[in-house]
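**Q** Take this structure first; my questions come after.
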Amino acid sequence: MDHEADAYRTDLMTITRFVLNEQSKYPESRGDFTILLSNIVLGCKFVCSAVNKAGLAKLIGLAGETNIQGEEQKKLDVLSNDVFVKALVSSGRTSVLVSEEDEEATLVESSKRGKYCVVFDPLDGSSNIDCGVSIGTIFGIYTMSHNDEPTTEDVLKPGNEMVAAGYCMYGSSCMLVLSTGTGVNGFTLDPSLGEFILTHPDIKIPKKGNIYSVNEGNAQNWDGPTTKYVEKCKFPKDGSPAKSLRYVGSMVADVHRTLLYGGIFLYPADKKSPNGKLRVLYEVFPMSFLMEQAGGQAFTGKKRALDLVPEKIHERSPIFLGSYEDVEEIKALDSPSSPTTPPLSLLLPDYNILLSILFLQTHFPISDAIAEIDAMLARNSLIGEDEELMPSEISRRVLMAQKRYIGYETLRRDMVPCQKPGASYYDCRSGQANSYNRGCETITRCARDTSDITT
Ligand code: AFP
């Protein structure tokens, strides 16, 4: 008889035992985190049981309310939110709670306050409830940095200040994945014991994966780098196999698969949603925290996701997260120094060559303007060294070069000649513009597409 294997099977590491073990590494710890976590675990067990019974108990269906994002709330959303808010407040270890379902943060009454702030989405992916697809709870935990009255400012902090994050997935099994900042561990609920048991110790995401996960129905509204990346997944030019597409539309399920199998999950910005769809505090941050702890990366399209500093509790951000090398590829596409970034001449609309001469004329003598344009064109090998071209031919070649850049169509829709009297540049239609000065003029640039226009 294999006693050792037997012992292994009977020596069950429950989530509480796991956290107590962790706690014992910090002699000054008073067990507050363990108490907080047990209350989160209780909420997860309750929601798991409610989700399992949903079909039978008629918990699905509209509750007749809409949440603050204007989405229809389901009964299960309402129930899950109530359960978590009550479990967290009654733990006596929290001061500020932010839930996806509540417009305002909950500031816990003084007699029940503790040193933690919890941001959470009690039931993410709720549009999947009715068809029994995996859904989940996502949470992130901050500590209060002072003893004064709690305010929402206490959670408007970058994700890299979170002390723990996790999710619970209500799927074919109920799994809680947790990081307290020292790696990622996965616990599966044993329904007969009612305990989460450590089943996936020290989860590491594969360095590179062969799955990409995105809502491709939004493709017509994506920007250049996103379109280019997804094209690369489907039609790799380096001889590597094409990636498979998997998309549930439930972040917990999509991120869970990404964590275990590798690859990339993206919810990018698009024309309709310039900040993406997913919420920074209780979707982007906790999942980014877990990804980094598992050896992956999370990127917003501009910077490391965990370095974002949210200004509002329900703020959204684009997100690209997953295997280290897959996210590196996205970053390379977005980098301003990337050779794929179109230069100024290629960002201008099709009658650009003349317009750009005019534009430059307002700042430079005409000879400098022409020399500048020649240099820009030569850098892109549009004109051979001995060629002498008419402006119309130059314009035609520029237009063709522009079209080779996937982001060009997107860009054109977004930019219109500026209507302001005396201005000679372009405005963003999106309203997502940053203004800055070039010479004596104010130039408006679109959020991401045209960031290189400053060059
Ligand atoms: P719901 O809670 O409305 O189902 O939204 C789920 C979610 O916030 C996240 O879990 C998914 O990753 C994402 O939205 C799916 O969004 P799309 O339906 O736009 O693909």
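No lab work stands behind these numbers, since they all come straight from the coordinates. Given the structure is predicted, the values throughout are model-derived calculations rather than measurements. Note that each Cβ is placed from the backbone with ideal geometry, even for glycine, and that neighbours are counted across all protein chains shown.
**Q** For a quick check: with amide H placed at 1.01 Å from N, whose amide H comes under 5 Å from Thr143's, ignoring anything fewer than 5 positions away on the same chain?
**A** So Thr143 has HN proximity to Cys117, Val163.
**Q** Same structure again: Starting from 0.36 nm per residue, how many nanometres of slack lie between Lys86 and Asp130 once their C-alpha separation is accounted for?
**A** Stretched fully, the Lys86-Asp130 segment lengthens by 13.3 nm.
**Q** Using a Förster distance of 22 angstrom, determine the FRET efficiency expected from the C-beta separation of Val163 and Leu107, and round it to 0.05.
**A** Taking R0 as 22 Å, the efficiency between Val163 and Leu107 is 0.65.
**Q** Once you put a point 7 Å from the Cα of Glu149 and another 7 Å from the Cα of Ala219, both along the Cβ direction, what distance in nm separates them?
**A** Calculated label separation equals 5.3 nm.
**Q** Treating the Cα atoms of the stretch 161-245 as identical point scatterers in vacuum, please give the log10 of the normalised Debye intensity I(q)/I(0) at q = 0.13, 0.14, 0.16, 0.24 Å⁻¹, two decimals.
**A** Summing over Cα pairs of the stretch 161-245 leads to -0.69, -0.75, -0.85, -1.06.
**Q** On to the next question. In units of 2.2 N^0.38 Å, what is the alpha-carbon radius of gyration of the stretch 12-200? It would help to have the intermediate numbers written out before the result.
**A** Numbers: Rg = 16.4 Å, N = 189, 2.2 N^0.38 = 16.1 Å.
Normalised Cα radius of gyration, the stretch 12-200: 1.02.
**Q** How high is the FRET efficiency between Lys271 and Lys207 when r is their beta carbon distance and R₀ equals 30 Å, given to the nearest 0.05? Kindly include the intermediate steps, with their values, before the conclusion.
**A** Values: r = 33 Å, r/R0 = 1.10.
Once rounded, the FRET efficiency stands at 0.35.
**Q** Let me ask something else. Report the Rg/Rh value for the stretch 211-331, based on alpha-carbon coordinates and the Kirkwood definition of Rh.
**A** Ratio of gyration radius to Kirkwood radius: 0.94.
**Q** Fully extended, how many nm does the chain gain between Glu231 and Lys25 (0.36 nm per residue separation, minus their Cα-Cα distance)?
**A** 69.4 nm is the gain from fully extending Glu231 to Lys25.
**Q** Let me check against my output: what whole-number percent is the relative contact order of the stretch 12-200, with C-alpha pairs under 8 Å and at least 6 apart?
**A** It rounds to 16 percent for the stretch 12-200.
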